[in-house]
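Note sheet for the following structure.
The values are calculated or read from the model by the stated rules, or taken from the named source; none is laboratory data. Quick caveat: nothing in here was measured; it's all calculated off a predicted structure. Because the Cβ atoms are built from the backbone with ideal geometry, glycine has one as well, and the counts that use them run over all protein chains shown.
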Amino acid sequence: MIKSFQLLIVLVILLLVTIGCVKQTVIDQITIPIVAGLDKGPGSTTRLTISSPYFKGKDAIKNFESTAFSRTTQNARDSLQNEQELPIMLGKLSVVLIGQELAKNGLDLVLDPPLRDPRISNRMYLAVVDGRAQQLLEKNYTNRMEKGRYIAQQISSNIKEGHLPRTSLHLFESAWLGQGHDPYLPLLKAEEAKIEIAGLALFADDKFVGSLNSEEMKFFRLLVENTDNSTFEIPLNNDAYVSVQNNHSGYHYTVSNNSGIPEFKIRIRINGTITESTTSTTTDLFKHNVEAAFSKMIVQTSEKLIQKFQQLGIDPLGLGELSRSRTRHWDESKWREQYPTVKVNVDAKVKITETGSIK
């Protein structure tokens, strides 16, 4: 019994010594950037901008921005560290913004550091800036919230509200490096006193080649995710309009091969609620007309988006990935030749489950 007690005391002492050896970091003695920006710099260099918070009082938060450029982002970070009196810690980095010019040149090299660094979460958000990331970060949007958290929450809330498809460093990497799939990212734009999610940036491999506006983005999400949010404005005859809330939507892809040429069918199903109407009619015929008009709108918009993707030579829907999973001895080079002319048929069916109540 005594020996067991002595052994317990020794173990406790060893545990306390071990804890004392762990490197501890005091929050007031480090620089913690939540958001960073990357832009094309002079020549072959990349400009890195970090935005770090500091607290001026109980409820006042300010950010200070630091910028440096180098041929590698790691060296640019070292240059920023030389200007800081406190060590820069990247463990809380939540958003990386990429300037449009840099995105057009390709993200292969600039994404190499975050993909290698185990301290950076693969759930981190990436976004393309319409313009330069540095200019967006240097604007002031709020004094109540740290700037990086403000941008991250804006992206997160737009995903939850059904406007923006799910996005992260991991999802971008998966689509970029996988066969038969091209990635996409949120496209941000700086306004006078706010940041706007202007649409979706489209990529061919790692290069930014085109975009969708905010309205096209909502229809695009119907093609790639099951959703239960977002509102659509539907034009009817006689200059009437209704707003339909998407209560739940689902999609399903099928592929058939005729003589070695794949043909795709995309089926979209939506249950929705009429939340607003410029006409007071609520008959069954009116509901049927809304269902038909919305279904037609989904088909027409989706087909236009697919034609745009084929013209750009990009595959954000992952049709190639589906074809590869259903085809023996799938040849990527042959698929790229076929893709601009493959047939993709869209079938949409909308069911209005609620029309609201008029008091």
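Could you pull out the residue among Ala127, Ala152 that is in contact with a Phe, Trp or Tyr (Cβ under 7 Å, 6 or more places away or on another chain) and either part of a helix (DSSP H, G or I) or not polar (S, T, N, Q) (or both)?
Ala152
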Give Ala201, Ala175 a once-over and let me know the one that is out of contact with any His (no Cβ under 7 Å at 6 or more places or on another chain) and more than 21 Å from Ser52 (Cα to Cα).
Ala201
Positions within the range 234-247 being surrounded by 14 or more Cβ atoms within 10 Å (Cβ to Cβ), within 30 Å of the chain's Cα centre (by Cα) and of a type outside the set (Ser, Thr, Tyr), in sequence order
Ile234, Val242, Val244, Gln245, Asn246, Asn247
Has the range 165-176 got at least one residue that is touching a residue at least 60 places away in the same chain (Cβ under 8 Å), over 22 Å from Asp39 (Cα atoms) and assigned by TED's automatic domain parsing to the domain that holds Ser52?
yes
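Criterion first (within 19 Å of Asn226 (Cβ to Cβ) and touching a residue at least 60 places away in the same chain (Cβ under 8 Å)) does Leu312 satisfy it?
So Leu312 fails the test.
Of all residues in the range 243-272, how many are out of contact with any strand residue (DSSP E or B) (no Cβ under 6 Å at 6 or more places or on another chain) and not polar (S, T, N, Q)?
Qualifying residue count for the region: 2.
Considering only residues that are of a type outside the set (Ser, Thr, Tyr), in contact with a strand residue (DSSP E or B) (Cβ under 8 Å, 6 or more places away or on another chain) and not in a strand (DSSP E or B), which ones fall in the range 273-291?
Applying the first criterion (of a type outside the set (Ser, Thr, Tyr)) to the range 273-291 yields 274, 276, 284-291.
Next cut, in contact with a strand residue (DSSP E or B) (Cβ under 8 Å, 6 or more places away or on another chain) only: 274, 276, 287, 290-291.
Lys287, Val290, Glu291 - these are the residues of the range 273-291 that are of a type outside the set (Ser, Thr, Tyr), in contact with a strand residue (DSSP E or B) (Cβ under 8 Å, 6 or more places away or on another chain) and not in a strand (DSSP E or B).
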So, in the range 308-351, of the ones that are of a type in the set (Asp, Glu) and not in a strand (DSSP E or B), which residue ends up modelled with the highest pLDDT?
Asp315
Top-ranked residue of the range 66-125 - restricted to ones that are of a type in the set (Val, Ile, Thr) and under 16 Å from Phe208 (Cα atoms), ranked as modelled with the lowest pLDDT
Val110
Looking only at the range 258-314, count every residue that is out of contact with any helix residue (DSSP H, G or I) (no Cβ under 8 Å at 6 or more places or on another chain) and among the aliphatic types (A, V, I, L, M) and tell me the total.
9
Looking at (1) of a type in the set (Gly, Ala, Ser); (2) more than 21 Å from Asn257 (Cβ to Cβ); (3) surrounded by 14 or more Cβ atoms within 10 Å (Cβ to Cβ), can you tell me which one Gly313 breaks?
(3)
Restricting attention to strands (runs of 3 or more DSSP E) lying wholly within the range 199-272, give those where 3 or more residues are more than 15 Å from Leu187 (Cα to Cα).
231-235, 241-258
Taking the range 315-356 and keeping only residues that are among the hydrophobic types (A, V, I, L, M, F, W, C) and under 26 Å from Thr301 (Cβ atoms), one is left with Leu317, Leu319, Leu322, Trp335, Val342, Val344, Val346, Ala348, Val350, Ile352
Could you list, in sequence order, all residues of the range 180-196 that are crowded, with 20+ Cβ neighbours inside 10 Å and either out of contact with any helix residue (DSSP H, G or I) (no Cβ under 8 Å at 6 or more places or on another chain) or modelled with pLDDT of 95 or more (or both)?
Asp182, Pro183, Tyr184, Leu185, Pro186, Leu187, Leu188
Search the range 163-198 for residues being touching an Asp or Glu at 6+ places or on another chain (Cβ under 7 Å) and part of a loop (DSSP other than H, G, I, E, B), and hand back the single one that is nearest to Ile120 (Cα to Cα).
Arg166
